[in-house]
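Heads up, the thing below is written out as structure tokens.
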Amino acid sequence: MIDLYYWTTPNGHKVTIFLEETGLPYVVKPVNIGRGEQFDPEFLRIAPNNRIPAIVDTEPGDGGEPISVFESGAILVYLAAKTGQFLPRDTRAWVEVLQWLMWQMGGLGPMAGQNHHFVQYAPEKLPYAMDRYVKETNRLYGVLDRRLADREFVAGDYSIADMACYPWIVPHTRQLQQLEDFPNLARWFETIRARPAVQRAYALAKSINVKPTVDDEAKKLLFGQTAAVVK
């Protein structure tokens, strides 16, 4: 059984997609990041970076004590290894998946996240910051579009690389991006969106976060944190 500490963000969706794709039994433990639940001492023992998602595998393959994992990319790799699915064992194919997973973790996610912040949430509209991150998001969309020009999925067969990238493309309109400008990416996006497991994952999100909002209280908790919040 997997205990999933989760909220309805792109990084959270990555893990629910994987779990729905594999049918691995899991229990959702919501962590409402807009109300500060990510700073609960019990959660910090599992996720010291006070970010969702995180998991606890109560039945690890070695039969030992439960294993906790934080960081969405690490969780995907762990679960892929546990189930033997969506991460190939062949060295060359494995490298393809891992490098695109890292591309998402180090590029697409952080840059789109900054895009979201300055375009949607920042108390001041800063033209330089908005332009910087909207353009960088656009560049990364272009990288992914070019990658998908001659293949159905990001790294060969459908894999954790696709599961990692897709949730960051879902809010493309909020990122001021037009999918029609990226035909290969648009085709891939529709293919992933049509998967039953993906639809189940997003339906789950709607049932957990019934009033998604980032109000003033949430902004104080989500933005501008210092080391004091984890001491």
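The values are calculated or read from the model by the stated rules, or taken from the named source; none is laboratory data. Just so it is clear, the model here is predicted, and its values are computed rather than measured. Every residue, glycine among them, receives a Cβ derived from its backbone with ideal geometry; neighbour counts consider all protein chains shown.
Quick one: Glu96 ticks every box in (1) closer than 29 Å to Gln175 by Cβ; (2) out of contact with any strand residue (DSSP E or B) (no Cβ under 7 Å at 6 or more places or on another chain); (3) among the acidic types (Asp, Glu) bar one, so which box is it? Exception for Glu96: condition (2). When Glu65 is tested against (1) crowded, with 19+ Cβ neighbours inside 10 Å; (2) in a loop (DSSP other than H, G, I, E, B), exactly one condition is not met: (1).
Pairs meeting the criteria (first residue in region 30-55 and touching a residue at least 60 places away in the same chain (Cβ under 8 Å), second residue small (Gly, Ala, Ser), beta carbons under 7 Å, at least 6 apart or on different chains) are Gly34/Ala218.
State whether one or more residues within region 122-132 are touching a Leu at 6+ places or on another chain (Cβ under 6 Å) and either crowded, with 17+ Cβ neighbours inside 10 Å or not assigned by TED's automatic domain parsing to the domain that holds Ala164 (or both).
no
Can you pull out every residue in region 187-214 that is among the aliphatic types (A, V, I, L, M) and under 30 Å from Gly142 (Cβ atoms)?
Within region 187-214, Ile192, Ala194, Ala197, Val198, Ala201, Ala205, Val214 qualify.
Residue check: Glu217 meets all listed conditions (1) exposed (fewer than 13 other Cβ atoms within 10 Å of the Cβ); (2) assigned to a helix (DSSP H, G or I); (3) not assigned by TED's automatic domain parsing to the domain that holds Ile46 but one, namely (3). When Phe86 is tested against (1) under 14 Å from the mean Cα position of the chain (by Cα); (2) buried (at least 16 other Cβ atoms within 10 Å of the Cβ), just one condition goes unmet, and that condition is (1).
Can you find a residue that is assigned to a loop (DSSP other than H, G, I, E, B), surrounded by fewer than 16 Cβ atoms within 10 Å (Cβ to Cβ) and outside the structural domain of Thr173 (by TED's automatic domain parsing) anywhere in region 69-83? Within region 69-83, not a single residue is assigned to a loop (DSSP other than H, G, I, E, B), surrounded by fewer than 16 Cβ atoms within 10 Å (Cβ to Cβ) and outside the structural domain of Thr173 (by TED's automatic domain parsing).
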